[in-house]
Amino acid sequence: MAHAEELTIATVNNGDMIIMQKLSSEWEKETGNKLNWVVLEENVLRQKVTTDIATKSGQFDILTIGGYEAPIWGKAGWLEPVGDLGDDYDYDDLLAPIKTGLTVDGKLYAVPFYTESSFTLYRKDLFDAAGIKMPDQPTYDQIKEYAAKLTDKSKEQYGICLRGKPGWGENMAFLGTMINTYGGRWFDMDWKPQINSKPWKQAITDYVALMTKYGPPGATSNGFNENQALFSTGHCAMWIDATSAAGRVYDPKQSKVADMIAFTRAPVNVTPNGSSWSWSWNLAIPATSTKTEAAKSFLKWATSKEYVKLVGEKEGWVAVPPGTRRSTYDLPEYQKAAPFAATVEKAILSADPSKPTKDPVPYTGVQFVAIPEFQGVGTVVGQQIAAALAGQQTVDAALDNAQKQVERDMKKAGYPK
């Protein structure tokens, strides 16, 4: 490399990215380049990165973005294509559905850092003590029944922990799957919002009841990281969330319950469609960066087979970033350390963003709708539902308010297009 570059990278404060930050000194040593890290909470990261890329202010050289943004921003010309990281990168090793989701018109606009679906984690010691056997795929009615039996508030033991923090990628990531499996959808085939429909009302009523009766206090401030902390410290009998959590809750260095947990598929209700989500966190380069070559070198390093092995050797095999490469699932060390590996791979490969609901829809995406307007729409709905969870309004009022707002927003955006 002609001269050393200083790159600014924006990422989310999730465990896998914190490991990436820690190990990145290896890449800095190898290349002479320097990384300037901006590590943010999920909702804040999304806001900052979206503003930066839409206004072309060029604050960042590398972005951590989701499978939602990558194709939309790639199509808009906001991202640098990354299909040229070299033959030794082994693009064919990337899990096919993930790679397809990051590709527009034959061009790859981001590379996957880790991928997840969702599943149900539970405390097998508590289930055994209560004489309950978790089925291979529980229904939401069973979840309610188990949560009731396993709640003991005097011990700060809650039957269930679920996301309550408002945001399209926070509470709505989980709730999107719950609404799907209850037979709901965001829009009908004419793009008319369906938010105050019967399936939505049933799903959100059940969610609020579950959380109020059997969940931890102050749930409206709990997102993925907060629930992971509650589960790891023994406060939750069940937690339905991202499969990427497995590597941390099964890691005795990070979890007090590492040897007491088991997992099963995400719960279902009237349809299996869209009952578990499909999400990837990816690294991308904004078209405004003037340091593209150095940025590509980092992308290649952080999403390579070698990086997976480096994490395994330095941090423990249970901690390797899941769901991106087939070769990860062939590693005997990973298979041994991660009892959840095969289940996670299967969940990721079986999530179908093209058939996310019981009834037909004009969009793709399981727990999100792959249109630029969804960031705003999903957040508005998440805020109304959080207000219902906090007891500030009824579920019906929350969904009626959300319906009106989304109707206005979609009309303003010119739907149906």
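The values are calculated or read from the model by the stated rules, or taken from the named source; none is laboratory data. Computed from a predicted structure; not experimentally measured. Positions of Cβ are backbone-derived with ideal geometry, glycine not excepted, and every protein chain shown enters the neighbour counts. Note: accessible area is taken over every heavy atom of the protein model, side chains too, but ligands, DNA and RNA are not part of it. Shrake-Rupley method; radii C 1.70, N 1.55, O 1.52, S 1.80 Å.
Some observations on this one:
- Taking the listed residues 107, 133, the one that is among the basic types (Lys, Arg), outside the structural domain of residue 21 (by the TED database) and over 21 Å from residue 363 (Cβ atoms) is 133, with no other qualifying.
- In segment 285-309, residue most open to solvent (accessible area, probe 1.4 Å) [restricted to those that are hydrophobic (A, V, I, L, M, F, W, C) and out of contact with any Asp or Glu (no Cβ under 6 Å at 6 or more places or on another chain)]: 301
- Qualifying residue in segment 145-161 (condition: open to solvent by less than 10 Å² (accessible area, probe 1.4 Å), closer than 22 Å to residue 376 by Cβ and either part of a helix (DSSP H, G or I) or not assigned by the TED database to the domain that holds residue 386 (or both)): no
- Output for segment 184-226, where each listed residue is among the small types (Gly, Ala, Ser), open to solvent by 10 Å² or more (accessible area, probe 1.4 Å) and over 22 Å from residue 42 (Cα atoms): 197, 209
- The numbered conditions (1) closer than 17 Å to residue 110 by Cβ; (2) of a type in the set (S, T, N, Q); (3) under 16 Å from the mean Cα position of the chain (by Cα) are all true for residue 43 except (1).
- Any hit, segment 354-364, residues being open to solvent by less than 30 Å² (accessible area, probe 1.4 Å), among the β-branched types (Val, Ile, Thr) and part of a helix (DSSP H, G or I): no
Here is a yes/no grid of residues against (1) within 16 Å of residue 285 (Cβ to Cβ); (2) in a strand (DSSP E or B); (3) open to solvent by 40 Å² or more (accessible area, probe 1.4 Å):
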| site | (1), (2), (3) |
| --- | --- |
| 8 | yes, yes, no |
| 11 | yes, yes, no |
| 18 | no, no, yes |
| 21 | no, no, yes |
| 27 | yes, no, no |
| 30 | no, no, yes |
| 35 | yes, yes, no |
| 43 | no, no, yes |
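- For first residues located in segment 394-406 and among the β-branched types (Val, Ile, Thr), partners that are assigned to a helix (DSSP H, G or I) and buried (at least 22 other Cβ atoms within 10 Å of the Cβ) and lie 6+ apart or on another chain with Cβ distances below 7 Å form the pairs 394/388; 395/204; 395/388; 406/377; 406/381.
- Within segment 56-107, being in a helix (DSSP H, G or I), among the acidic types (Asp, Glu) and surrounded by fewer than 19 Cβ atoms within 10 Å (Cβ to Cβ) holds for 87, 88, 92, 93.
- Cross-chain or 6+ apart pairs with Cβ under 8 Å, segment 187-210 first and among the aromatic types (Phe, Trp, Tyr), then assigned to a strand (DSSP E or B) and surrounded by 22 or more Cβ atoms within 10 Å (Cβ to Cβ): 187/193
- Scanning segment 354-384 for residues that are touching a Lys or Arg at 6+ places or on another chain (Cβ under 7 Å) and among the acidic types (Asp, Glu) yields one hit, 359.
- Subset tally (residues that are open to solvent by 30 Å² or more (accessible area, probe 1.4 Å), at pLDDT 95 or above and at negative phi) for segment 127-136: 5
- Residue match in segment 262-284 (condition: part of a loop (DSSP other than H, G, I, E, B), open to solvent by 50 Å² or more (accessible area, probe 1.4 Å) and without any contact (Cβ under 8 Å) to a residue 40 or more places away in the chain): no
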